[in-house]
Each structure stands twice: as C-alpha cells, then as structure tokens.
Amino acid sequence: MSKNLFDKVWDAHRVGSLPTGQDQLFIGLHLIHEVTSPQAFGMLEERGLKVLYPGRSFATCDHIVPTESRARPFADPEAEAMMAELEKNVKKHGIAFFDFASGRQGVLHVVGPELGLTQPGMTIACGDSHTATHGAVGAIAFGIGTTQVCDVLATQTLAMDRPKVRKIEVSGKLGKGVGAKDIILAIMARFGVEGGLGYAYEYTGEAIRALSMEGRMTLCNMSIEGGARSGYVSPDQTTYDYLKGRPYAPTGADWDRALVWWKSLASAPDASFDDEKSIDGSAIEPMVTWGINPGHAIGVGQRMPKIADLPPAERDVARKAYDYMQFAEGAPIAGTKINVAFVGSCTNGRISDLRDAAALAKGRKVAKGVRALVVPGSMQVDAQARAEGLDKVFAEAGFEYRNPGCSMCLAMNPDKLRGDEVSASSSNRNFIGRQGSPRGRTLLMSPAMVVAAAVAGEVVDSRSL
Amino acid sequence: MANKDPKRGLIKGRGLPLRENDVDTDRIIPARYLKWVTFDGLGAHAFEDARKDAKGQPNDHPFNDPRYKGASVLIVNRNFGCGSSREHAPQALSRAGIEALVGESFAEIFSGNCVTLGLPAARVSAADAAELQDLVAANPSLVVEVDLEGREVRAGAKKYALTMPEAQRQALVAGTWDSTGSLLSNEAKIRKIASSLPYMAWKTAG
Ligand code: SF4
C-alpha cells in the first residue's frame with residue numbers, strides 16, 4: 001500500500017501541529033476576489049500585519065461584475081465600491097490583479113487553471129466554496145472563510161483539520177451526450193449533499209480518466225455540493241498536456257523537474273484510502289435537478305420521486321422542495337416548462353462548455369418567451385469563443401451573449417430571475433433564491449441540456465435533438 | 001466584542017428552534033448582502049428572505065417570533081450552513097445575537113467559520129435536537145446551557161451529550177479560537193517549508 005496524492009501533498013505542506021491539535025498547512029496558491037477579501041484586508045490592517053508572500057496571491061473580480069456594460073464606475077454603487085476596494089488592496093500589498101485591461105479577468109476558478117496557476121501538488125485556497133475546481137489538475141484545493149483569507153495573507157498558512165480521503169471510482173464508458181456534469185449530479189444524487197462531510201474526494205476510474213481537463217474541473221467544482229471540501233483527480237498525461245505552455249506553468253528545465261515531481265505525487269494503483277465507493281458510469285443519463293439542493297437530481301427520463309418512497313430523513317426537505325418548486329411528486333421531469341436558460345459559471349463556463357452549447361444551438365431558435373443567456377467564464381474564454389464564431393451562433397439562435405463573470409449563478413450583478421421563473425441553469429446551486437429572486441426556481445443540468453431546454457421551452461433530453 | 005472574554009466553555013441563553021434540514025448559507029444571508037465591504041449591520045438581515053411570504057409579508061419564521069426575541073442559542077437540524085463559504089453567514093447570526101448553535105450536523109466550511117468567530121456549532125443526536133426544539137418551543141423562556149467543557153447541553157432537567165471536532169472544542173474552551181495569532185508565531189518554520197516546495201522557485205512566463 002502506498003500513500004495517495006492527498007496525503008503526499010498534505011505532508012509536503014505541513015508546517016507543524018498547532019496547540020489545538022490542528023495542522024498548520026502552507027498554501028501554495030491563494031486566489032482572491034472582490035467579495036470575500038475586503039473584510040480580510042480590513043482585519044489585516046487592524047492588526048498591523050503585512051502580506052507574507054504577496055507573490056503567491058492572485059486576484060480578479062467575478063461575482064459583482066456586470067455582464068452588459070463594464071464601463072466604470074459600475075451602475076451599481078455597491079459593486080463599484082467593492083471593485084474599488086479590491087483595486088486599492090492589491091495595489092497597496094503588491095498582489096497581481098487580473099483586471100479588465102489585462103485581458104485575463106474572469107471567474108477565479110476558470111482563470112486559475114487556464115493561466116496555469118493551478119498545478120498538481122499545490123495546496124490552493126480561496127474565499128469561495130467552489131475552489132475544489134482546481135483539484136482537477138491534482139491539487140488540494142478548498143474554500144475558506146474571510147478570517148482564513150486574512151490568515152493566508154498574513155502567514156501563507158491555515159489551521160486545518162486533516163480530512164479523510166475517499167476514493168470514488170466511476171467505472172465504464174459514459175454514453176453519448178453524457179458528461180462531467182451528469183457524473184457529478186449522479187454522485188450527488190447517490191451519496192447525498194452531506195455524504196462527503198469530513199472527506200476529500202479522489203475521483204478515479206475509466207470514466208474519469210477519459211474526461212478532458214475541463215470536464216474534470218466541472219466534476220471537482222461541485223465536490224462541495226456533496227459536503228466534501230475538496231475533490232481532485234490524480235494527474236496523468238491529460239493534465240500535463242493541458243498545462244504545458246500556459247503562462248504560469250513552469251518553463252524550460254523547470255518543466256522537466258515539475259513533471260518528475262508531479263508524477264511522483266500521483267496516486268499509485270495500490271494507494272490506500274480511508275473509504276472507497278464506486279458508481280457505474282455507463283448507466284448515467286443526462287441529469288436534471290427537481291428540488292432545492294443538488295442532491296435532488298434524477299435522469300432526464302425519470303419521474304420525480306414520491307415522498308413516501310424516499311428515506312424518512314429526506315422527506316421533510318422533499319416536501320419543502322415540492323412546495324417551493326410547485327412541482328407534483330411522481331411527475332416526469334421532462335416537459336417541465338422553463339422561462340430562463342443560463343449557460344455559464346465556474347462549473348460550466350469554459351470553452352468546451354460553450355462549444356457543446358453552440359453545437360446544439362446552431363441552426364435552432366430559442367423558444368418564444370424564454371430568456372436565454374450565455375456568459376463566458378473568463379475574458380480568455382470569451383476571446384476564444386469569438387475567434388470560433390460561437391458568439392454569432394448564440395446570437396443567431398436568440399441567446400444573449402454577455403461579458404464574463406459569475407452572472408446569474410448567484411445574481412450578485414443585474415442578471416437575476418424574476419418572480420417564480422423557472423431557470424434551466426448550467427451552474428451548481430439550486431438553493432432557494434439562489435438566482436436572485438426569493439421565489440426563483442433553478443433546475444441544474446449540463447450546458448447541452450440547457451440549450452435543449454431553451455430551444456424546446458421545456459426540459460427535454462438533449463440527445464433527442 | 002473586543003474586550004469580551006474569549007473563553008467559550010459555557011454559554012447560557014434562551015433557545016431559538018429552527019426546524020429544517022439543509023439550511024444553506026444563501027438562506028441565512030441572501031447574496032445581495034455580500035456586496036457590503038464590511039460585516040457591520042448584517043445581523044438585521046439574517047434569514048431576510050426566509051422570513052417573508054410570497055407577498056413580502058413577515059411569515060411565522062422563528063426569527064420573526066416575538067417569543068424568541070433575545071434568544072441566543074440557535075437549535076437546528078441536519079446539515080445546517082451548507083453551500084457557500086461566505087463568513088457573512090455566521091457573522092450575520094452572531095450579529096443577530098446568536099452565541100451558540102446546537103444541531104444534528106453542520107456543513108464543514110460553515111462550522112469552521114463559526115469557530116473563527118468564537119461561535120460554537122455543537123452536534124447532538126437527531127432525536128435530541130428535535131426534543132430540544134420541542135422543549136424550547138413549549139417554553140421559550142427556558143435557559144439552554146451549552147457546556148463545551150462538560151460536553152453536554154442542558155435545558156431544564158434534561159441533559160444531552162454534545163460532540164464537536166476536538167480541536168474546535170478545545171480552542172473554544174481555552175479561548176484560543178483566534179487562529180491568526182498562533183499561525184503567526186511560526187514564521188521561521190513557514191519559510192522553511194516554503195523553501196522545500198519545488199514550485200516556489202520555478203520560472204514561468206507569467
Ligand atoms: S460562478 Fe457561481 S459558484 Fe462560481 S464562483 Fe461565481 S458565484 Fe461562485
């Protein structure tokens with residue numbers, strides 16, 4: 001038996017034990033955005049502390065950025081104040097900032113990997129719960145709170161309880177039209193929204209190995225939705241091919257050194273884990289959520305569960321979900337009418353997602369009465385999409401193609417649901433009120449399924465188009 | 001809060017039952033309040049949307065219920081605080097007067113964030129959480145004692161065993177939950193680990 005990647009990386013970054021019994025863990029890469037950092041910089045200043053390793057932190061703005069006009073000052077004074085605060089803080093502390101002028105702005109979890117900042121064997125922290133995304137390259141990445149952002153700024157370390165590691169093996173080949181989003185929703189449906197508590201997930205198996213890097217990002221992104229603070233895929237040739245040549249990837253002789261180190265960290269076939277689970281990838285259908293947490297997911301061909309058929313502990317939440325969603329238990333999910341379609345977010349706002357979406361949108365039209373939005377995850381994704389003419393494909397099909405940002409994923413900018421609109425969304429959370437209206441209803445699905453729903457005006461199997 | 005004793009070994013206060021599983025952080029504090037550059041004033045907005053009905057009128061949410069005014073021990077159920085990493089959620093609860101949470105289980109980032117504010121999130125069994133909620137609902141003036149040192153929650157004549165991650169429990173009892181200080185004291189060791197990590201020295205195009 002050998003150590004898994006998680007344990008090797010943790011041990012390499014462990015500074016020591018703290019009086020509380022927690023480990024003090026060195027953080028190799030710290031990502032900063034406008035929403036959870038101003039209070040942290042405030043705490044730093046209150047204590048008269050400096051940033052210990054300013055070169056290991058990188059900032060951009062994503063949550064509050066308007067996706068229509070990016071002219072400054074922003075129309076929303078609160079958004080403008082957040083942006084100005086971030087600009088002031090990064091300048092003062094000498095932290096690299098991917099602003100609009102850099103051409104590299106975007107959702108942090110899209111920007112980190114695409115710039116090659118995110119690398120195998122690193123510990124990565126960010127004041128955002130979807131930081132697990134970066135685990136796709138074989139890093140240990142997790143979301144932290146604002147006080148911990150201050151800890152990382154001041155010490156480049158965190159006080160952490162070491163989690164256990166669970167291997168999740170997704171065996172077999174995925175069916176045509178089934179992808180990473182469907183895998184992770186199937187995992188949520190199977191193990192529940194709390195199943196990962198206290199664990200880091202290592203995703204492995206034939207279906208995972210076959211995923212592109214971007215697919216692996218989609219997968220790892222939603223680890224937190226299952227209760228796991230981090231999730232990762234051990235690096236392989238797909239990882240190294242993806243990283244090579246990216247701006248912050250090592251160059252020259254350092255690239256060769258990096259490869260040797262990365263390969264030494266990968267989990268070997270005999271690696272040991274605290275727990276192991278498996279699911280059959282070949283049985284996964286395109287998935288859709290029907291309720292108010294990402295575990296409320298079913299195959300597009302299935303019926304919504306009857307409350308009486310659920311385990312007793314699930315019934316109260318399911319009752320609340322049906323009440324809120326105004327859906328009938330036992331009804332098929334296909335055919336559910338939608339008002340809004342959203343392709344974007346750190347889960348599914350990458351170039352491969354936009355390509356998938358455009359391939360289906362081409363030559364089709366968004367159904368009458370459906371408001372459809374495509375929001376690239378970053379300026380680089382946007383540039384690539386435009387170079388491939390995807391923006392025109394979307395426009396011709398009746399989608400609004402917007403500037404990069406988090407947009408309707410959490411609606412901290414003007415993109416919001418209204419009233420009790422139903423949204424087909426490629427994002428990661430279907431919580432009550434998540435998309436900006438306290439009564440808005442979100443159905444999570446893959447980008448292809450979102451486009452199919454946009455075109456049909458209702459939930460349909462994207463494979464039938 | 002600055003001059004308050006940081007030790008949290010025993011917290012006493014009236015209870016506030018919030019009966020629901022999987023209460024996410026979007027519900028605890030809606031995302032629009034994340035646009036504030038300080039945490040000040042968040043307390044007034046805790047559960048803001050959950051406290052209103054479809055017409056925008058106050059509903060029967062326990063945070064609206066005058067019987068629980070001034071209560072400081074929030075009694076919840078399973079997977080409380082799931083969702084985002086926003087520290088705004090425990091900040092809002094703390095600023096709304098909550099000094100301890102008791103429940104069946106808590107999401108990990110959330111309970112960690114609670115500790116950094118000196119706010120215990122103590123676990124009891126599902127049945128005990130439900131019973132405590134019943135007790136408090138029947139008698140809102142009942143004082144609930146969250147005894148981290150003795151590892152139990154007491155309410156009237158009743159006692160319930162509590163659990164929480166040992167590191168968190170000790171930090172709260174000892175008053176050392178403010179982690180920044182202890183992290184800061186190890187700078188030499190931090191630099192040593194940093195210099196042992198291969199990637200710290202790699203050249204990149206940038
Ligand atoms: S896209 Fe959504 S989930 Fe991702 S960082 Fe932005 S708000 Fe968070």
Connecting C-alpha atoms closer than 10 Å in a GNM of chain B, tell me which of B:ALA92, B:ALA174, B:ALA155 has the biggest fluctuation. B:ALA174
Would you tell me the mean number of C-beta atoms belonging to other protein chains that fall within 10 Å of each C-beta in A:224-235, as a whole number? 2
Using θ = phi - 60° and the Karplus form 6.51 cos²θ - 1.76 cosθ + 1.60, what ³J(HN,Hα) does each residue of region A:52-57 get, whole Hz, x for Gly and Pro? 6, 10, x, x, 9, 10
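Between B:LYS12 and A:ARG72, what's the calculated FRET efficiency when r is the beta-carbon distance and R0 is 41 Å? Round to 0.05.
About 0.20, to the nearest 0.05.
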Projecting the Cα atoms of A:GLY195, A:VAL450, A:THR146 onto the charge dipole of chain A, where Lys and Arg contribute +1 and Asp and Glu -1 at Cβ, the residue farthest towards the positive end is A:VAL450
Where a Cα-Cα gap under 26 Å defines reach, which lysines qualify for B:LYS55, not counting those fewer than 8 residues away within the same chain? A:LYS320, A:LYS337, A:LYS416, B:LYS35, B:LYS69
Would you work out which of A:LEU360, A:LEU117, A:GLY205 lies farthest towards the positive end of the dipole of chain A, given +1 charges on the beta-carbon of Lys and Arg and -1 on that of Asp and Glu, about the Cα centre? A:LEU360
Determine the gain in length on full extension of the stretch A:ASP420-A:ALA84; use 0.36 nm per residue of separation and subtract their C-alpha separation, reporting nm with one decimal. 117.6 nm
Theoretical FRET efficiency, 1/(1+(r/R0)^6), r = Cβ-Cβ of B:THR163 and A:LYS263, R0 35 Å, to 0.05: 0.30
Assign one of three labels to region A:5-160, namely rounded, prolate or oblate, based on the Cα gyration tensor with a ≥ b ≥ c the square roots of its eigenvalues; rounded applies when a/c is under 1.5, prolate when it is not and a/b is larger than b/c, and oblate otherwise. oblate
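Calculate the FRET efficiency for A:ARG315 and B:ALA44 from the Cβ-Cβ distance with a Förster distance of 30 Å, rounded to the nearest 0.05. Write down the numbers at each step before the final one.
Working: r = 33 Å, r/R0 = 1.12.
Calculated value: 0.35.
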Region B:10-175 shape via C-alpha gyration tensor axes, a/c threshold 1.5: oblate
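Evaluate the charge dipole of the protein assembly as shown about its Cα centre and quote only its size in Debye, nearest 20, assuming +1 on the Cβ of each Lys and Arg and -1 on the Cβ of each Asp and Glu.
Working: 78 positive and 77 negative charges, 107 e Å.
Using Cβ point charges on Lys, Arg, Asp and Glu, the protein assembly as shown gives about 520 debye.
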Extension gain (nm, one decimal) between A:ASP254 and A:ASP280, 0.36 nm per residue minus Cα-Cα: 5.4 nm
Point-to-point label distance, B:ALA54-A:ALA331, nm (Cα→Cβ direction, 7 Å offset): 1.3 nm
Which entries in the list A:LYS181/A:LYS263; A:LYS88/B:LYS203; A:LYS3/A:LYS167 go over 22 Å, if you measure between the two C-alpha atoms of each? A:LYS181/A:LYS263; A:LYS88/B:LYS203
Taking amide hydrogens as modeled 1.01 Å from N in the peptide plane, which residues meet the under 5 Å criterion relative to A:ARG371, leaving out close sequence neighbours? A:VAL340, A:ALA341
What is the list of residues in region B:169-191 whose amide nitrogen lies under 12 Å from a point 7 angstrom out from the Cα of B:GLU149, following Cα to Cβ? B:173-175
Whether the protein assembly as shown is rounded, prolate or oblate, judged on the alpha carbon gyration tensor where a/c under 1.5 counts as rounded: rounded
Which value, in debye to the nearest 20, gives the size of the charge dipole of region A:262-387 about its Cα centre, when Lys and Arg are +1 and Asp and Glu are -1 at the Cβ? 1000 debye
Residue by residue, what Karplus-based ³J(HN,Hα) values in Hz, rounded to whole numbers, does region B:185-199 have, using 6.51, -1.76 and 1.60 with θ = phi - 60° and x for Gly and Pro? 6, 10, 4, 4, 5, 4, 5, 5, 4, 4, 6, 8, 8, x, 5
Between A:LYS164 and A:LYS362, what is the label-to-label distance in nm when each label sits 7 Å out along the Cα-to-Cβ direction? 4.8 nm
Rank B:ALA46, B:ALA126, B:ALA100 by mean-square fluctuation in a GNM of chain B with C-alpha springs under 10 angstrom and give only the top-ranked residue. B:ALA126
If you look at just the Cα atoms of region A:283-398, how large are its Rg and its Dmax in Å? 17.2, 52
Can you list residues whose amide H is under 5 Å from A:PHE97's amide H, if they're 5+ apart or on another chain and H is modeled 1.01 Å from N? A:ALA59
Taking amide hydrogens as modeled 1.01 Å from N in the peptide plane, which residues meet the under 5 Å criterion relative to A:VAL15, leaving out close sequence neighbours? A:GLN24, A:LEU25, A:PHE26
Check cross-link reach from B:LYS52 to the aspartates and glutamates: straight Cα distance under 14 Å, and skip same-chain residues fewer than eight apart. B:ASP60, B:ASP65
For chain B, modelled as a Gaussian network with Cα springs under 10 Å, which listed residue fluctuates most, B:GLN91, B:GLN133, B:GLN57? B:GLN57
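Please figure out what share of the DSSP beta bridges in region B:1-133 is antiparallel and state it in percent, rounded to the nearest 5.
10 percent
Bear in mind these aren't lab numbers, they're just calculated from the coordinates by the rules spelled out. No experiment lies behind these values; they were computed from the predicted model shown. Ideal geometry is used to build each Cβ from the backbone, glycine not excepted, and the neighbour counts take in all protein chains shown.
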